[in-house]
Amino acid sequence: MTRGRNALSPLAWAALLVASLVAVPILSVAANLLAGGSGDTWQHLASTVLPDYIVNTLLLCAGVSAGTILIGVGTAWLVSVHDFPLRRVFEWALVLPLAVPAYVMAYTYTDLLQFVGPVQTWLRSAFDLAPGQYWFPDIRTVTGATLIFIFVLYPYVYLLARAAFLERASGMLEVGRSLGLTAWQSFLRISIPLARPAIAAGASLALMETLADYGAVSYFGVQTFTTGIYRAWFSLGDRVAAAQLSAVLLFFIALILFLERVSRGNARFHNTTGRNRPMPGRRLRGPAAFGAIVACAVPLLLGFLVPGGVLLEMALTEGDAQFGERFFQLAHNSFTLAAVTALIAVAIAVLLAYAARMSRHPATGFVNRIVGLGYALPGSVIAVGVLIPVTRIDTWLAGSLQSLTGHNPGLLLTGGIAALVYAYLVRFLTVSLGSVETSLAKITPAMDDAARSLGYGQAETLWRVHLPLLRGSMLTAGLLVFVDVMKELPATLVMRPFNFDTLATQAYTLASDERLTEASTAALAIVAVGVLPLIIISRQIARSRTR
């Protein structure tokens with residue numbers, strides 16, 4: 001019996017195989033560090049643009065971490081432990097900026113704030129100013145990119161901090177009140193220390209998304225590692241230099257993950273009550289209530305309502321001149337990629353989570369940690385790591401089939417969407433895995449024991465017991481992966497087959513050509529697709545307050 005528990009089951013072996021495939025891009029990038037042939041290119045990059053990459057990356061990380069923590073924690077605290085007008089609306093609406101990709105927000109604010117845009121045009125008209133008589137900040141800077149990322153990514157901190165405040169702070173806050181602590185003292189001395197691990201996790205997610213971005217920083221002309229990887233691959237044609245830049249970017253990712261783990265230390269917080277009790281909200285009135293409404297409304301306004309309104313106005317007044325058959329083909333490509341990736345990701349997530357549940361071998365836990373690294377890797381790094389080995393396999397397959405049949409089949413993997421879907425799975429598998437693992441952990445092991453007593457094997461237990469209970473989390477996982485794939489730009493730009501475009505690449509291409517009004521149609525479609533699942537998920541989070 002002991003041997004059976006410690007031995008690797010077929011499920012565990014399948015999980016190890018999946019983890020190996022996910023690890024291929026990382027190993028590919030690492031292997032190219034030892035490759036030769038890019039000495040001149042690397043020396044050129046190191047002496048010219050590499051310092052800018054490092055400085056801009058550090059500035060973006062510092063600004064985004066400070067801004068997302070300030071807004072995310074502040075709004076989470078307000079809606080979690082206070083009661084004021086519109087609080088219930090803000091509870092779920094503050095998540096909506098996640099539906100707007102950073103590159104889409106960059107396009108809208110550029111159109112809004114540029115010299116011929118409505119803001120500067122109104123200023124010149126209202127104050128009778130001539131060009132050159134006034135100063136107006138340029139959004140296409142590191143500061144502008146930082147602000148864009150802050151208002152797009154603060155919901156990561158908001159979601160995790162709010163969950164921590166609701167789940168862990170209620171009883172402790174009551175004790176603090178009985179000891180005479182004011183609301184501000186309770187916030188600093190009780191709530192923040194308890195929520196520190198969640199805040200650190202949310203900030204690290206925001207930073208990884210910042211490092212992974214290509215569209216916004218490229219459009220703003222901010223030189224970062226993602227723009228450098230793309231330039232080294234396509235402009236210089238040097239895959240080794242691209243891999244070396246990817247390795248430096250991986251160092252920043254690893255540093256963020258290390259700092260996030262260090263910030264948590266050995267802290268562990270557990271609920272000691274039998275159930276989570278909703279906290280009685282502290283009623284805010286007068287100026288305090290008005291201040292809370294403004295504090296919650298500003299990030300929602302700047303992060304979702306303004307860019308959404310600008311996109312809607314541009315799409316209705318002008319929009320894409322090619323709207324019609326071309327647009328629906330782009331939508332079909334995007335939906336096909338997103339749907340295929342979501343289905344495969346959910347299936348693999350169920351396999352990995354169930355293997356970890358049924359096997360006590362330490363390898364299964366390690367496997368899921370390996371898979372989790374994918375979300376920490378930028379799409380550009382994954383694209384480089386996938387293309388290098390897959391291209392070699394493609395070439396070998398084509399040569400082998402030609403020698404056997406006398407016919408060259410062409411590129412079977414990179415010539416279609418297979419390699420692109422593989423890259424998406426490496427990038428977003430952890431999103432589906434987290435949702436399924438969380439839901440599976442809530443199913444009592446007694447149900448597994450009952451199924452075994454009825455003679456069910458592992459596969460039949462999964463099919464007849466667990467899958468019906470996991471339907472909700474599987475749907476949530478699929479929706480999250482679907483939305484992420486719809487928004488993904490760097491990996492799609494690098495790995496898309498010839499003459500294959502998506503809504504994301506179309507929006508980027510048109511915006512790069514300064515055809516912002518034409519880009520609005522594709523960009524608005526991406527935002528609209530992302531809004532529905534976010535509303536569903538955030539409403540579920542809001543209802544958790546009353547449970």
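The values are calculated or read from the model by the stated rules, or taken from the named source; none is laboratory data. Predicted model, so just to flag it, every value in this text is computed and none were measured. Every residue, glycine as well, gets a Cβ built from its backbone with ideal geometry; the counts of neighbours run over all protein chains shown. Remember, those area values only see protein heavy atoms, side chains included, never the ligands or the DNA or RNA. Shrake-Rupley method; radii C 1.70, N 1.55, O 1.52, S 1.80 Å.
If you take the beta carbon distance between Asp138 and Leu469 as r and set R0 to 60 Å, what does 1/(1 + (r/R0)^6) give as a FRET efficiency, to the nearest 0.05?
0.65
If R₀ is 45 angstrom, what is the calculated FRET efficiency for the pair Leu255 and Ala347, using the beta carbon separation as r and rounding to 0.05? Intermediate values should be presented prior to the final figure.
Numbers: r = 33 Å, r/R0 = 0.74.
The formula returns an efficiency of 0.85 here.
Just the number, please: carbon plus sulfur as a percent of the accessible area of the stretch 10-132, 1.4 Å probe, no ligands or DNA/RNA counted.
72
Can you classify the stretch 15-170 as rounded, prolate or oblate using the Cα gyration tensor, where a ≥ b ≥ c are the square roots of its eigenvalues, rounded means a/c under 1.5, and otherwise it's prolate if a/b beats b/c and oblate if not?
oblate
For the stretch 423-511, calculate the relative contact order in percent as a whole number, restricting contacts to Cα pairs under 8 Å that are 6 or more residues apart.
Across the stretch 423-511, relative contact order equals 38 percent.
With a 1.4 Å probe and all protein chains kept in place, how much accessible area does Glu318 have, in Å² rounded to the nearest 10?
130
Could you work out how much longer the chain between Ser47 and Thr509 gets when fully extended? Use 0.36 nm per residue separation minus the Cα distance between them, nm to one decimal.
Roughly 163.3 nm would be gained on extension.
Gap in Å between the Cα centre of the stretch 191-206 and the Cα centre of the stretch 379-410?
Each part's Cα centre sits 43 Å from the other's.
Quick one: with all protein chains in place, what share of the accessible area of the stretch 388-432 is carbon or sulfur, to the nearest percent (1.4 Å probe)?
Answer for the stretch 388-432: carbon and sulfur cover 68 percent of the accessible area.
Give the relative contact order (percent, whole number) for the stretch 78-149; include only Cα pairs under 8 Å separated by 6+ residues.
Taking the mean separation of contacting Cα pairs over the length of the stretch 78-149, I get 25 percent.
Enter the accessible area of Phe151 (Å², nearest 10), with the probe set to 1.4 Å and all protein chains included.
Phe151 exposes around 40 Å² with every protein chain in place.
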